[in-house]
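Only one structure is covered here, and it is reproduced in the block below.
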Amino acid sequence: MPKVTVDGVELEVPQGATVLQAAELAGKEIPRFCYHERLSIAGNCRMCLVEVKPGPPKPQASCALPAAEGQEIRTDSEMVKKAREGVMEFLLINHPLDCPICDQGGECDLQDQSIAYGKGGSRYEENKRAVTEKYMGPIVKTVMTRCIHCTRCVRFAEEIAGVEDIGAIGRGENMQITSYLEGAVQSELSGNVVDLCPVGALTSKPYAFEARPWELTKTLGIDVMDGVGTNIRIDSRGREVLRALPRVNDDVNEEWATDKTRHAVDGLMKRRLDKPYVRRNGKLEAASWNEAFQAIADVKAGSSVAAIAGDLVDCETMYATKRLLKSMRSDLLEGRQTGLSYDTSNLAAVNFNSTIAGIEEADVIVLVSTNPRWEASLVNTRIRKAVRSRGAKVYGVGPEADLTYPVEWLGDDMSLLGKMPKAVTDALKGAEKPALILGGGALSVEGAHGAALQLANDYKLVRRDWNGFNVLHIGASRTGGLILGYAYDGGIKALAAKKPKLLFSLGADETDYAQFEKSFKVYIGHHGDAGAHAADVIMPGAAYTEKNGTYVNLEGRVQHSAKAIFAPGDAREDWSILRALSDVIGRTLPFDNFEELRTRMAKDHPELAEEGLVALEWKPPTGLPKKPKGQGVHPIKDFYLTNSIARASATMQRCSAELLHADDEVLEAAE
């Protein structure tokens with residue numbers, strides 16, 4: 001490890017570190033615009049200039065200069081101060097002074113650094129250049145006159161998102177950043193360029209002119225749009241969520257978020273259930289809470305009661321429902337609402353065991369009937385990183401899809417799991433860290449789960465220091481539901497065969513309710529979607545931003561989300577609805593507040609007590625059928641419209657129409 005001196009302080013730095021990283025290890029703040037820790041080094045903004053000896057007697061860009069033994073680095077000399085002032089003066093030559101109407105105002109790197117390192121005046125008196133606006137799709141708004149050519153957006157699109165839709169044309173002062181043919185950026189991660197842009201050139205189109213950062217209340221939350229468990233910050237004003245931004249968590253989402261995570265939040269205010277409803281004479285009519293509770297109490301169900309958990313439900317709601325059913329002597333619980341049925345006797349056999357961050361270390365990956373780009377976009381970026389940095393080889397069984405990295409597709413037939421081509425078996429045998437990812441489409445094929453477990457055993461995918469067997473769940477509630485027992489033997493079809501007299505639907509909007517035609521259906525949820533339309537009683541619940549909750553992501557990581565706003569109208573938090581109902585039906589639940597509920601849940605399920613990865617012992621089930629029969633499928637048909645919140649979102653509807661269905665003529669309202 002080389003030793004360097006930074007402003008008179010000697011320290012050791014890791015081999016391969018840059019001067020900028022060395023200075024930051026010494027506690028020095030180095031200004032930058034183009035440099036970003038997760039992107040390649042461009043070295044084109046020149047804001048990070050420092051003085052280095054031995055070396056030429058001039059300022060040098062610290063982001064692109066390797067730290068070497070014996071270097072003396074100065075970050076506070078007069079030369080450095082004047083050089084940074086000069087760079088800032090040049091950057092502001094063409095930058096428009098429109099901070100009062102710029103959405104980046106208040107959280108802008110250019111504002112902050114011009115105050116800290118700028119000169120305070122400009123000698124430039126010529127006309128400023130102007131750049132025509134570019135079109136980048138429904139998510140990203142452009143004001144390219146503000147662009148300082150840092151190229152962060154270009155590098156993100158190419159390196160992380162895997163789409164070469166953003167690039168630069170022209171040279172020098174005539175250089176412009178634009179999308180390919182000025183069309184929409186074809187990526188489900190495009191919104192991240194807004195966070196990356198250090199100026200106001202790229203801002204959020206749905207959030208334009210909505211609020212200033214100091215007006216917003218910031219709450220730490222967990223995203224429920226997929227099974228990744230993206231760490232987010234929920235920004236709200238009053239009783240409305242205005243935006244969701246990613247938080248840094250290197251184990252889960254790094255610092256990225258999908259466009260659905262960011263922009264489906266406008267659906268939280270649309271199509272909301274804000275009062276109870278009871279079906280009378282075939283028609284749903286508004287009712288009071290007492291009337292709704294009494295309608296349920298009048299159903300003489302006995303122990304013939306079941307519950308189905310939707311994809312967005314927190315663990316506390318599922319636990320409270322489980323306790324209510326237990327008091328009624330029923331264990332009819334199911335969370336796989338689309339009809340999946342697979343062995344859950346060992347949860348490690350249905351878990352993403354490599355972990356989200358760990359899949360980067362794999363050198364051979366077999367994808368089985370999964371499209372991770374849509375099912376778990378931030379897992380897909382990790383696989384892409386394994387391909388780019390480690391040269392990982394990826395094979396695919398199932399329908400082909402553009403995953404942004406090379407995949408050798410072997411065919412659709414799931415029987416391939418039992419007779420892999422020799423090239424694949426040789427690769428698995430020679431791999432240091434082989435991995436298999438089984439998607440929801442594969443779990444719907446009888447025998448695929450058993451064949452995948454046999455494959456893992458034959459080629460030693462599970463070792464002392466590595467577990468390469470992974471199941472990719474697409475629901476935020478799925479892993480938590482499996483821990484809590486929401487997996488009835490035989491799946492939802494077997495549950496329906498029991499013909500329950502009373503059925504609780506916990507936001508289950510993807511269920512086929514025709515199979516529960518004779519059941520009295522109670523829907524506890526937040527949007528007027530398919531589940532509400534089929535219900536006999538609707539009890540309005542709280543969305544994920546309106547309640548505290550515990551969520552377990554696809555790798556078995558327990559995470560807590562905090563309440564940002566209150567639910568609209570008469571809607572209540574789901575657990576409190578169940579607690580009040582239990583009183584009316586004479587089955588009082590043993591908790592009176594959320595803290596007591598969470599304590600009870602932790603006592604019954606200690607693995608949910610603390611945040612972090614749940615330890616799962618690898619004891620895969622034996623005796624499963626191992627001869628898959630059928631074609632693989634992709635369970636997600638439209639990335640942007642996968643749940644009730646997204647379907648209510650105008651932004652997600654526009655993304656679906658324009659990016660997936662090539663609807664170029666999106667009508668605008670007349671002014």
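The values are calculated or read from the model by the stated rules, or taken from the named source; none is laboratory data. Owing to the predicted nature of the structure, the values given are computational and were not obtained by experimental measurement. Reconstructed Cβ throughout: ideal geometry from the backbone, glycine too, with neighbour counts over all protein chains shown. Side chains are part of the model used for accessible areas, which takes the heavy atoms of the whole protein and leaves out ligands, DNA and RNA. Shrake-Rupley method; radii C 1.70, N 1.55, O 1.52, S 1.80 Å.
Observations, loosely collected:
- Selected from G221, V305, V143, residue furthest toward positive end of dipole (the chain; charges at beta carbon): V305
- The alpha carbons of region 10-84 give a radius of gyration and a Dmax of 11.4, 31 Å, in that order.
- log₁₀ of I(q)/I(0) at q = 0.26 Å⁻¹ - region 456-508, Debye sum with one point per alpha carbon: -1.11
- Taken about its Cα centre, region 142-186 carries a charge dipole of roughly 200 debye when the Cβ of each Lys and Arg holds +1 and the Cβ of each Asp and Glu holds -1.
- Note on region 138-220: Kirkwood radius taken over Cα pairs, Stokes-Einstein applied at 4 °C and 1.567 mPa s, translational D equal to 95 µm² s⁻¹.
- Taking the inverse of the mean 1/r over every pair of distinct Cα atoms in region 324-472 gives a Kirkwood hydrodynamic radius of 15.9 Å.
- Accessible surface for the chain, divided over its residues, is 42 Å² per residue with a 1.4 Å probe.
- Total formal charge among the other residues, if their Cβ is under 11 angstrom from that of I139, Lys/Arg +1 and Asp/Glu -1: +2
- Computed about its Cα centre, the charge dipole of the chain is approximately 1320 debye, with only Lys, Arg, Asp and Glu carrying charge at their Cβ.
- Heavy atoms of V397: accessible area, 1.4 Å probe, square angstrom to 10: 0
- The alpha-carbon atoms of region 323-383, seen along their principal axes, cover 50, 21, 18 angstrom, with the largest extent given first.
- Under 25 Å from the Cα of K547 - lysines, other chains or at least 8 residues apart: K218, K260, K270, K275, K322, K326, K521, K563, K603
- Proximal charge balance of E10 [Cβ under 15 Å; K/R count +1, D/E count -1]: 0
- The Cα-based radius of gyration and maximum Cα-Cα distance (Dmax) for region 542-670 are 21.3, 64 Å.
- Only lysines eight or more places from K518 in sequence, or on another chain, were considered; those with a Cα closer than 16 Å are K300, K493, K498, K499, K501.
- Cα-based equivalent ellipsoid of region 196-269: semi-axis lengths in Å, sorted from largest, via gyration tensor: 19, 16, 12
- With the charge dipole of region 1-51 set up from +1 on Lys and Arg Cβ and -1 on Asp and Glu Cβ about the Cα centre, the Cα lying farthest toward the positive end among the listed residues L11, H36, Q21 is that of H36.
- Computed over protein heavy atoms with a 1.4 Å probe, the carbon and sulfur contribution to the accessible area of the chain reaches 49%.
- Neighbours of H473 by Cβ distance under 11 Å: Lys/Arg scored +1, Asp/Glu scored -1, total -2.
- Net charge dipole, region 1-87: roughly 340 debye, given to the nearest 20, about the Cα centre with Cβ charges of +1 for Lys and Arg and -1 for Asp and Glu.
- For M1, solvent-accessible area (1.4 Å; no DNA, RNA or ligand), Å²: 130
- Protection proxy ranking, peptides 399-405, 561-567, average beta carbon neighbours within 10 Å, highest first: 561-567, 399-405
- Between D76 and R388, the FRET efficiency estimated from the beta carbon spacing at R0 = 45 angstrom works out to 0.75.
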